[in-house]
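Reviewing the structure listed below.
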Amino acid sequence: MDQPLISLDTLFEEKSPEDMRAELRTGGCSSSSCGSAAGAGDLPPEVWEKIKDHPCYSEEAHHYFARMHVAVAPACNIQCNYCNRKYDCANESRPGVVSERLTPEQALRKVVTVANEVPQLSVLGIAGPGDACYDWQKTKATFEAVSAAIPDIKLCISTNGLALPDHVDELVEMNVDHVTITINMVDPEIGAKIYPWIFYNHKRHTGIEAAEILHERQMLGLEMLQERGILTKINSVMIPGINDEHLKVVNAEVKKRGAFLHNIMPLISDPAHGTHFGLTGQRGPTHAELKRLQDACAGGANLMRHCRQCRADAVGLLGEDRGQEFTLDQLPEEVAYDPSARESYRDVVAKERGDHMAAKTTAAEALQEMAEQSIQVAIVTHGGGRVNMHFGKAREFQVYEAGPQGVKFIGHRRVEDNYCQGGFGENASLETIIKTLEGIDAVLCAKIGDCPRQELDAAGIHVSDAYAFDYIEEAISSYYAAAFASVAQQKLSA
Ligand code: CLF
Ligand code: SF4
């Protein structure tokens with residue numbers, strides 16, 4: 001029952017740039033019918049050039065650009081206590097679903113097919129389902145074939161770091177300028193609680209010795225990448241009671257070694273996944289615990305807060321999964337790359353982005369002037385940086401904090417089932433949605449029916465569809481002004 005969100009590109013077939021812009025705005029939804037935060041000015045131009053179209057490295061880019069993963073690397077050289085090898089790699093994916101493994105030739109066909117049909121595609125990542133650097137020959141063959149066919153696609157790799165130092169020079173030769181290393185500790189005593197064994201130099205190592213080797217190789221890999229100018233993101237899995245406090249030290253250590261971003265992800269632990277942590281009752285952190293840790297790391301390595309812990313075969317904008325549209329049995333036997341859709345889309349985004357940035361600046365200035373307290377606002381969106389989705393369709397809410405500091409993206413909340421199911425509201429889903437939105441002051445969406453609006457109101461969550469299709473930041477700023485004007489009004493008339 002994994003219904004994809006409505007995707008912009010399915011709406012773009014044979015559309016003019018004007019049509020594409022209109023649909024970026026509305027997400028294809030007419031109001032009547034369906035129900036590193038750093039930007040260009042904050043970074044050196046050469047760094048901005050590398051991240052501006054990368055949905056993971058730029059929070060702003062994730063509104064516009066998509067990544068895809070190809071599951072060509074099943075072998076792994078370590079064991080993490082949060083991973084069950086029958087499932088996807090937890091470095092970069094949500095455990096629980098078996099990937100369709102691909103050969104490099106199959107991966108090439110898949111990437112070209114997706115590039116022809118998903119104009120937002122900007123990045124090809126290899127993130128498992130094992131380790132991309134350990135299963136190196138397949139990773140390398142895939143990257144070489146894809147970059148020969150689609151020269152402007154960005155190549156991105158995720159690894160546990162053990163085999164990374166052996167391949168850094170080849171990564172440079174292949175123009176890979178985005179590497180993610182999963183680093184959960186810098187103290188081997190803590191590492192021994194996360195990694196029961198590693199396989200290194202033809203030998204299995206266990207306990208603290210294993211964690212020591214892994215730590216040294218991770219730090220060496222990070223330093224080598226830094227020397228060569230490759231942007232490196234660190235992923236850490238937050239495991240309450242094991243490495244939660246320690247991740248502050250990890251944040252400082254990776255910053256010292258030049259990491260570009262630090263992505264602290266919550267442990268996903270469920271006995272059904274058959275992982276050591278799942279079976280032994282190790283819990284994951286709450287939303288509030290994760291936010292507290294991320295806030296405590298402010299001032300260290302820049303934090304990524306928009307990660308979706310995607311699968312090793314994910315396709316689409318972050319937060320959507322279109323993998324089921326591109327399974328092997330649906331791929332053509334032969335396919336040639338046609339760059340036209342991606343090129344037109346880029347032109348459209350360049351203009352849209354300029355307008356978005358201007359709206360953001362105005363919204364921040366307005367908030368700085370009027371805001372005295374911070375509120376949390378959940379946005380319902382199809383992408384494009386706009387409030388453009390019907391509440392009933394939402395399976396993800398993007399959460400922003402608005403206050404004297406402006407508008408800041410702080411994370412997302414997901415639900416299994418959206419409220420509207422085949423034309424009817426589903427009360428059980430609404431209950432779950434209300435629980436998921438705990439702590440949120442307001443929801444902004446393109447449209448909402450009376451019934452869910454009243455239920456949310458009763459739970460203390462105000463909902464508004466008055467800012468449909470506005471840019472997110474301008475919608476939040478206008479909402480804030482209206483909400484606090486009415487509070488002031490109430491006080492005056494009391
Ligand atoms: Fe993939 Fe990772 Fe590259 Fe992104 S994912 S290899 S950097 S292209 Fe992104 Fe997915 Fe989070 Fe990874 S949202 S899990 S951070
Ligand atoms: Fe699993 Fe990835 Fe850890 Fe290997 S590195 S054990 S595949 S989570």
ask   = How many nm is it between the label spots at Gln137 and Glu100, if each spot is 7 Å from the Cα in line with the beta carbon?
value = 2.5 nm
query = What FRET efficiency, computed as 1/(1 + (r/R0)^6) with R0 = 45 Å and r the Cβ-Cβ distance, is obtained for Lys256 and Thr361, rounded to the nearest 0.05?
reply = 0.90
Spacing of the two label points (7 Å from each Cα toward its C-beta) at Asp417 and Glu227, in nm = 5.6 nm
message = Just to be sure I understand the curve: with the Debye formula and one point per C-alpha of the stretch 187-315, what is log10 I(q)/I(0) at q = 0.21 Å⁻¹?
response = -1.42
inquiry  = Out of all DSSP beta bridges in the chain, what portion is antiparallel? Express it as a percent rounded to 5.
reply    = 45 percent
key: Dmax and Rg, reported as Rg then Dmax, of the chain (C-alpha, Å)   = 22.4, 78
key: Nearest-0.05 FRET efficiency for Glu173 and His287, computed from C-beta distance (R0 41 Å)   = 0.45
request  = Compute the semi-axes of the equivalent ellipsoid of the stretch 233-284, taking the square root of 5 times each eigenvalue of the Cα gyration tensor, and list them largest first in whole Å.
outcome  = 26, 11, 6
Difference of contour (0.36 nm per residue) and Cα-Cα distance, Thr206 to Glu438 = 79.4 nm
request  = Starting from the exponent 0.38 and prefactor 2.2 Å, build the expected Rg for the stretch 342-384 from its residue count and divide its actual Cα Rg by it.
outcome  = 1.56
ask   = Over all Cα pairs of the stretch 261-396, how is the pair count split among 5 Å bins, expressed in % and running from 0 up to the last occupied bin?
value = 2, 7, 8, 12, 17, 19, 13, 9, 7, 5, 1, 0
query = If each residue's Cβ is checked for other Cβ atoms within 10 Å, how do Lys255, Lys110, Lys435, Lys50 rank with the fewest at the top?
reply = Lys435, Lys255, Lys50, Lys110
Reduced Cα scattering model of the stretch 153-215, Debye log10 I(q)/I(0), q = 0.24 Å⁻¹ = -0.95
query = How much length, in nm to one decimal, is gained on full extension between Ser340 and Cys451, taken as 0.36 nm per residue of separation minus their Cα-Cα distance?
reply = 35.5 nm
task = Please list, or write none, the lysines whose alpha carbon is within less than 28 Å of the alpha carbon of Lys140, excluding same-chain residues fewer than 8 places away.
result = Lys50, Lys52, Lys86, Lys110, Lys154, Lys203, Lys233
Rh by Kirkwood over Cα pairs, then Stokes-Einstein D for the stretch 396-493 at 0.890 mPa s and 25 °C, µm²/s = 169 µm²/s
query = With each pseudo-label sitting 7 Å past Cα toward Cβ, what's the Asn427-Trp48 distance in nm, one decimal?
reply = 5.3 nm
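Each value in this text was obtained by applying a stated rule to the coordinates, not by laboratory testing. Owing to the predicted nature of the structure, the values given are computational and were not obtained by experimental measurement. So basically every Cβ, Gly included, is an ideal-geometry build from the backbone, and we count neighbours across all protein chains shown.
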